[in-house]
Amino acid sequence: MASRVAIVCLLGTALAIAACDKPSPANEQAEVASSDEVAATAAPKVDKIDRSRKGERAPDVLFTPAAGGAATTLAAFKGKPVLVNLWATWCAPCVKEMPTLDAAAATLGEKLPVLAISQDMEPAKANAFLAQRKFAHLRAFLDPKLGLSTGYGANLPTTILYGADGKEIWRVTGDMDWTGAEAKKLLAEAA
C-alpha cells in the first residue's frame, strides 16, 4: 500500500513539474512579438465567422420546446432559413448576448426564426432563466443531454445560420451584438 502511495505521489509531482515547464501560448507569443504586434493582437477580433462547415447538414439530434411538447430536430425547420443559438445559463457570454439575440429575433420575425437551444443539463434552470428575462421573440428549446453542442463540437455560445435547404451557411463562436451592423450583414445572408 505504501509503495502505491509513493508511486502516485511521484507521478503527480512529475506531471506538475512537466506542466509548469511549458510556457503558455500567450506568454510564449509575448516573448517573441514586437510591441506593434502585441498592440495589433490586443484589439478585439472582428472576424468571428467560421465558414469551414458551409454546406453541412445539422446533426440529427432531438431537442424539446422549453414550454413543453414533442421533441423535434433541426431537419423539421427545413424549407426556411433558421438561426440556431446554443447557450446555457452558466455561460456569461451567452447571457450577455441573449437580449440582443431577442431584439434581432423581433425584427426578423417569421422570415428567420431564432432558436435558442439551452445546453443546461437541468431544464428547470433554463426555464427559470427564460421566464425571469421574459425574452418574447426567441423560440426556446432544451437539449439537456447536450446532443447539439456535442454533435457540433461547439463551445458556448455558438450561433449557426442554416439556409432554407437545411445546410449550414456560417457559425459564430462567442458572443456578438446581434443588433449591430456586422450581425445585420451576416443575417442578410439568410435570404
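The values are calculated or read from the model by the stated rules, or taken from the named source; none is laboratory data. Since we're looking at a predicted model, the values are computed, not measured. Glycine gets a Cβ as well: all are built from the backbone with ideal geometry, and neighbour counts include every protein chain shown. Side chains included, ligands, DNA and RNA excluded: accessible areas come from the protein's heavy atoms. Shrake-Rupley method; radii C 1.70, N 1.55, O 1.52, S 1.80 Å.
Criterion first (surrounded by 14 or more Cβ atoms within 10 Å (Cβ to Cβ) and either within 12 Å of the chain's Cα centre (by Cα) or of a type in the set (Lys, Arg) (or both)) does LYS80 satisfy it?
Numbers: surrounded by 14 or more Cβ atoms within 10 Å (Cβ to Cβ): yes; either within 12 Å of the chain's Cα centre (by Cα) or of a type in the set (Lys, Arg) (or both): yes.
Criteria met by LYS80.
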Are any residues in the range 62-77 open to solvent by 40 Å² or more (accessible area, probe 1.4 Å) and assigned to a strand (DSSP E or B), and if so, which ones?
THR64
Report yes if ALA183 is out of contact with any helix residue (DSSP H, G or I) (no Cβ under 6 Å at 6 or more places or on another chain) and modelled with pLDDT under 95, otherwise no.
no
Failed item in (1) modelled with pLDDT of 95 or more; (2) in contact with a helix residue (DSSP H, G or I) (Cβ under 9 Å, 6 or more places away or on another chain), with ALA191 passing the rest
(1)
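Quick check on my filter: what residues within the range 114-144 are part of a loop (DSSP other than H, G, I, E, B) and touching a strand residue (DSSP E or B) at 6+ places or on another chain (Cβ under 9 Å)?
Narrowing the range 114-144 to residues part of a loop (DSSP other than H, G, I, E, B): 119-122, 134-138, 143-144.
Answer for the range 114-144, where residues must be part of a loop (DSSP other than H, G, I, E, B) and touching a strand residue (DSSP E or B) at 6+ places or on another chain (Cβ under 9 Å): GLN119, ASP120, PHE135, HIS137, LEU138, ASP143, PRO144.
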Residue under evaluation GLY174, criteria (1) open to solvent by 50 Å² or more (accessible area, probe 1.4 Å); (2) more than 21 Å from VAL61 (Cβ to Cβ); (3) touching a strand residue (DSSP E or B) at 6+ places or on another chain (Cβ under 9 Å); (4) touching a residue at least 60 places away in the same chain (Cβ under 8 Å), criterion not met:
(1)
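Residue-by-condition table, conditions (1) open to solvent by less than 10 Å² (accessible area, probe 1.4 Å); (2) at pLDDT 95 or above:
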{"position": "VAL84", "(1), (2)": "yes, yes"}
{"position": "PRO93", "(1), (2)": "no, yes"}
{"position": "ALA106", "(1), (2)": "no, yes"}
{"position": "GLY109", "(1), (2)": "no, no"}
{"position": "ILE117", "(1), (2)": "yes, yes"}
{"position": "MET121", "(1), (2)": "no, yes"}
{"position": "LYS125", "(1), (2)": "no, yes"}
Restricted to the range 131-149, and to residues that are touching a Pro at 6+ places or on another chain (Cβ under 8 Å) and basic (Lys, Arg), which residue is most open to solvent (accessible area, probe 1.4 Å)?
ARG133
Within the range 150-167, identify whether any single residue is over 19 Å from ALA58 (Cα atoms), open to solvent by 10 Å² or more (accessible area, probe 1.4 Å) and not acidic (Asp, Glu), and answer yes or no.
no
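Determine if the range 129-136 includes at least one residue that is in contact with a Lys or Arg (Cβ under 7 Å, 6 or more places away or on another chain) and either under 26 Å from ALA70 (Cβ atoms) or among the charged types (D, E, K, R) (or both). Break it down into steps so the answer makes sense when it comes.
Residues of the range 129-136 in contact with a Lys or Arg (Cβ under 7 Å, 6 or more places away or on another chain): none.
Checked against the condition, which is being in contact with a Lys or Arg (Cβ under 7 Å, 6 or more places away or on another chain) and either under 26 Å from ALA70 (Cβ atoms) or among the charged types (D, E, K, R) (or both), the range 129-136 yields no hits at all.
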